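Participant: Below is a structure I'd like to ask you about.
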Amino acid sequence: MNQTPEISIVVSVYNEQNVIQTFYEKLSETIKNIPYEILFINDGSTDESAALLNQIASKDVKTKVIHLSRNFGHEAAMLAGIDHAKGKAIICMDADLQHPPSVIPSMLQKFYEGYNIVLMKRKQRADASFFSTLASKLFYKLINYLSPVKFEQNASDFFLIDHKVQQCLIHNFRERTRFLRGFIQLIGFQKASIEFEAPARFAGQSKYNTRKLLKLSINAIAAFSDKPLNLGIIIGLIMGLGSVVVGIYSIVMYFVDKPVSGYTTIVVLMSLMFSINLVIMGIIGKYIAYIFQEIKQRPIYIIDRIVENK
Ligand code: UDP
Ligand code: MG
């Protein structure tokens, strides 16, 4: 394909054999009048996804499949797509039809109005439980408290970015500890947001379990805030002040001949102090681990091969 595509659609795929075909049909139908390219990133799928994607690419010259050498995670896969996209506007979306292709025209409209970024905000998730909604609320409260950048709640991994933002992501945001959605909100430029209704997953299962979501949340906080490191200083100062009071009290009591019997106090305080100490050491350890990861400069993803029908 020689023509520069107007839009690039970046879709990360991990074991989505039951949705790919339907997703592709709906997507290509929606954008058939715009010069497009579709970049599927196969994030180390172990099911039939790879073969299905290659089949689609063999029939549609506007579709490319970037096969990663193993599973690198959703964000790394999206970055692989963003790195390779040639369109003037780039849209990242999920393959499971939770990001409905039908809203793409309204995203493009914002782009033509001159916005550099179009954030898509979920109205509600049809498959979200009470617990996950609460957890998400708490997470945004916490990160907005800790981070100097304010994040939009309900922002999703469904967004449009233009060439300028793409260049920033390619050249300036190569951290190993990432929160892509956060980067996009931090980067500046003209932003628009559109609400959309996220339907339940079309087929298959969510790849984000509680453990992965927790990891994503902790990474996000570490990527955007160093405030947790102040915890040691704050608690240390409070405890220090308390210990002066207790110390003076004990000394005075000793001299007025009523020494305090302190066994319980000692046991309680010791165990409290030790646990606080260990937690704070753990937090410091986490940040050291992040630094360690960064200085190793390992690749964010590794490409096995790119399949396209030229
Ligand atoms: N995904 C991926 N790599 C992973 C996990 C997920 O590329 O390691 C893709 C997945 O195929 C889907 C998108 O990321 O297209 C979002 O995943 P999922 O629907 O499981 O997340 P949820 O919508 O439940 O947050
Ligand atoms: Mg999904």
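The values are calculated or read from the model by the stated rules, or taken from the named source; none is laboratory data. Nothing here was measured: the structure is a model prediction, and the numbers come from that model. So basically every Cβ, Gly included, is an ideal-geometry build from the backbone, and we count neighbours across all protein chains shown. The protein model used for the area step is the full one, side chains on, heavy atoms only, and it has no ligands, DNA or RNA in it. Shrake-Rupley method; radii C 1.70, N 1.55, O 1.52, S 1.80 Å.
Participant: If I ask for residues that are open to solvent by 10 Å² or more (accessible area, probe 1.4 Å), closer than 24 Å to Ile302 by Cα and in a helix (DSSP H, G or I), which ones from segment 75-125 would you list?
Facilitator: Residues satisfying the conditions are Glu75, Asp83, His84.
Participant: Going residue by residue through segment 240-254, is there one that turns out to be out of contact with any Pro (no Cβ under 8 Å at 6 or more places or on another chain), touching a residue at least 24 places away in the same chain (Cβ under 8 Å), more than 16 Å from ligand 1 (Cβ to nearest atom) and in a helix (DSSP H, G or I)?
Facilitator: no
Participant: Using the structure shown, decide if Ala50 is touching a residue at least 40 places away in the same chain (Cβ under 8 Å), within 13 Å of ligand 1 (Cβ to nearest atom) and in a helix (DSSP H, G or I).
Facilitator: Answer is no for this residue.
Participant: Within segment 149-190, how many residues turn out to be within 13 Å of Ala220 (Cβ to Cβ), open to solvent by 10 Å² or more (accessible area, probe 1.4 Å) and in a strand (DSSP E or B)?
Facilitator: 1
Participant: Another question, if that's okay. Read through the list (1) open to solvent by 50 Å² or more (accessible area, probe 1.4 Å); (2) more than 25 Å from the chain's Cα centre (by Cα); (3) among the aliphatic types (A, V, I, L, M), then give the number of the only condition that Met253 fails.
Facilitator: It fails just one condition, (1).
Participant: Could you tell me which residue of segment 277-303 is farthest from Leu231 (Cα to Cα), considering only residues that are out of contact with any helix residue (DSSP H, G or I) (no Cβ under 6 Å at 6 or more places or on another chain) and open to solvent by less than 70 Å² (accessible area, probe 1.4 Å)?
Facilitator: Out of the qualifying residues, it is Ile303.
Participant: How many of the residues in segment 1-26 are surrounded by 24 or more Cβ atoms within 10 Å (Cβ to Cβ) and in contact with a Pro (Cβ under 6 Å, 6 or more places away or on another chain)?
Facilitator: Residues flagged as surrounded by 24 or more Cβ atoms within 10 Å (Cβ to Cβ) and in contact with a Pro (Cβ under 6 Å, 6 or more places away or on another chain) within segment 1-26 amount to 0.
Participant: Also, I was wondering about something else. Look through Ile194, Ile306 and report the one residue that is open to solvent by 50 Å² or more (accessible area, probe 1.4 Å), of a type in the set (Val, Ile, Thr), in a strand (DSSP E or B) and at pLDDT 90 or above.
Facilitator: Ile306
Participant: In segment 202-233, which residues are under 11 Å from the mean Cα position of the chain (by Cα) and of a type in the set (S, T, N, Q)?
Facilitator: Ser217, Asn219
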